[in-house]
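Notes follow once the structure below has been shown.
The values are calculated or read from the model by the stated rules, or taken from the named source; none is laboratory data. Note that the coordinates shown come from a computational prediction; the quantities given were computed from them, not determined experimentally. Neighbour counts run over all protein chains shown; Cβ positions are idealised from the backbone, glycine included. Calculation scope for accessible area: heavy atoms of the full protein, side chains included, ligands and nucleic acids excluded. Shrake-Rupley method; radii C 1.70, N 1.55, O 1.52, S 1.80 Å.
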Amino acid sequence: MNVDIKEVKLNKTENVSGGTAGCSLAATLSERFSVLVVERGRSPYENPSILNKMYNTYLLLETDEFSSVAQSFTSEDGVPNVRGRVLGGSSVINGAFYGRASDDYIRRIGRWDEQLVKQAYEWVESRIISEPVLTPWQSVLELGLLESGFLPNNGFTYEHIEGTKIGGNIYDKYNIRHPSSDLLGAGNPKNITVLLNATVKSIIFHGNENERIARGVRFIKSDGSTDKIYEAYINQPHESDPWGDVILSAGALGSPQILMLSGIGPKEHLQNFNIPVVQDLKGVGREMRDMPTMTLLTENPLMETPQVAGISKDFKFVVEAILKLGSSNEVLTSVGGKVAFIESTGWLKLNSTDPRRNPIVKFNYLSKEKDLDDCATLVQLLRKISRSKSVVTFLRNEQLPDLTGSASPPNPRELCRNNVTTFYHYCGGCTVGSVVDSDYKVYGVKNLRVIDGSTFLQSPGTNPQATVLMLGRYQGIKILKSREN
């Protein structure tokens, strides 16, 4: 149910954002509890072209400051990027590729029940994931990867395993996208209320300095048509502690931004904006990571989302065909590879107290020598793929140019320094152990959680969409079980 913005003082037990993790989380919690989803963007269903694969690239190009489905930003590194601003979050605008995290990644997390993780993945897959029908270009890339040593050929699989694979896709056979917002239909519709075009300004706290309790959220209209601030409160039975939680699922940029605007973050930074400090939590906005990406074959005229992936022997490199934002407001199809499990970290800071504006973020790409060395190795892999017989024959080109187009391209390390870009798989800012505990509860306050990709210390290596969707379902089940006790 979508409702107009008004002052909301409902018997809600959970407040969550409507991003990729937030929708699977809300659907799960609605099985037993009332859920209020506060989403800063619009509905992806109001315009049929939003979910049609034919118009996918337009979503990345048609950006504006306050209302577009994709919100563009450029990191302090100078790399253009985007984030979702719509019910369903970045699952509405991403490359649509779906692949689970590797078993090794799940084990390294250390706190997840592997059987419940599997069940959560399967719950998502049974509802919104399809097996793609490969286009000619994707079939050629599959052969090029195999020729280049990405072995074995694993065929279609959700698993993140060494070799060449065909992944799942959130486009169905009719080329219609099924973002995480579709999962709201798997919940109890009587228990879900969605507020659209409502940007969270801050979290409402009660209590004293020794015990801060999250009680609700303040929000404004996203279009800025009014300065009025609205409020939504968690149900408070019998004037005791509220039963529910405020849960942030606003993504790696949105969740740390909201925490800071609410007074949770590094004290010195908050004081620069005259924000009253609720909790001096220095980890907020820290440990930001984005996997450095290199792209070749920028002359390829095909506008396709990835279906095939090549995964290196040690999971360090992942190669796909990707859509890349060009410097002159255009979208290019490229073969791109990313360096996974990087050492370089960055930071996020507030740009203003206006929650509709992007925060400032710097990922410090390749600031660690090991990451630069790995990127140089990746360049050599991409060159090998670009010169494979299958790819060269398909593109009718005897030798494909490097990213620079130079006949004598620079050495790989120099190429990396000058041309690093993004796969749009950034994470961090509210990491487990620094900002939230193993139950995703924010340190130092009660009834406040963060459940999304901002809690990842490292991205899963593969496209994180599947794991973010899984996390919402997984933590929803954990919360339901904890309430039973």
Going through (1) at pLDDT 95 or above; (2) surrounded by fewer than 19 Cβ atoms within 10 Å (Cβ to Cβ) one by one, T135 fails only at (1)
Residue selected from the stretch 99-115 under the condition at pLDDT below 95 and in a loop (DSSP other than H, G, I, E, B), by the criterion surrounded by the fewest Cβ atoms within 10 Å (Cβ to Cβ) = G110
The stretch 270-283 residues that are closer than 20 Å to I360 by Cα and outside any loop (DSSP other than H, G, I, E, B), paired with ones that are open to solvent by 60 Å² or more (accessible area, probe 1.4 Å) and modelled with pLDDT of 95 or more (beta carbon under 7 Å, 6 or more apart) | D280/K267
If you check D245, D241, which single one turns out to be modelled with pLDDT under 95 and open to solvent by less than 20 Å² (accessible area, probe 1.4 Å)?
-> D245
Could you please find all residues in the stretch 252-269 being touching a residue at least 24 places away in the same chain (Cβ under 8 Å), farther than 26 Å from M291 by Cα and not hydroxyl-bearing (S, T, Y)?
-> L261, G263, I264, H269
Tally time: how many residues in the stretch 73-90 are open to solvent by 50 Å² or more (accessible area, probe 1.4 Å), touching a residue at least 24 places away in the same chain (Cβ under 8 Å) and closer than 19 Å to I322 by Cα?
-> 1
Find all pairs meeting these conditions: Cβ atoms under 8 angstrom apart; at least six residues apart or on different chains; first residue within the stretch 458-483 and more than 16 Å from A120 (Cβ to Cβ) and open to solvent by less than 20 Å² (accessible area, probe 1.4 Å); second residue among the aromatic types (F, W, Y) and part of a helix (DSSP H, G or I).
-> G461/Y105
State whether the residues of the stretch 213-221 include one that is open to solvent by less than 10 Å² (accessible area, probe 1.4 Å), touching a helix residue (DSSP H, G or I) at 6+ places or on another chain (Cβ under 8 Å) and at pLDDT 95 or above.
-> no
Would you please name the residue that is most open to solvent (accessible area, probe 1.4 Å), looking only at residues in the stretch 138-183 that are in a strand (DSSP E or B), in contact (Cβ under 8 Å) with a residue 40 or more places away in the chain and not basic (K, R)?
-> I176
Count - residues of the stretch 38-58 that are assigned to a helix (DSSP H, G or I), open to solvent by 20 Å² or more (accessible area, probe 1.4 Å) and of a type outside the set (G, A, S) | 6
How many residues does the stretch 403-435 contain that are modelled with pLDDT under 90 and touching a helix residue (DSSP H, G or I) at 6+ places or on another chain (Cβ under 6 Å)?
-> 1
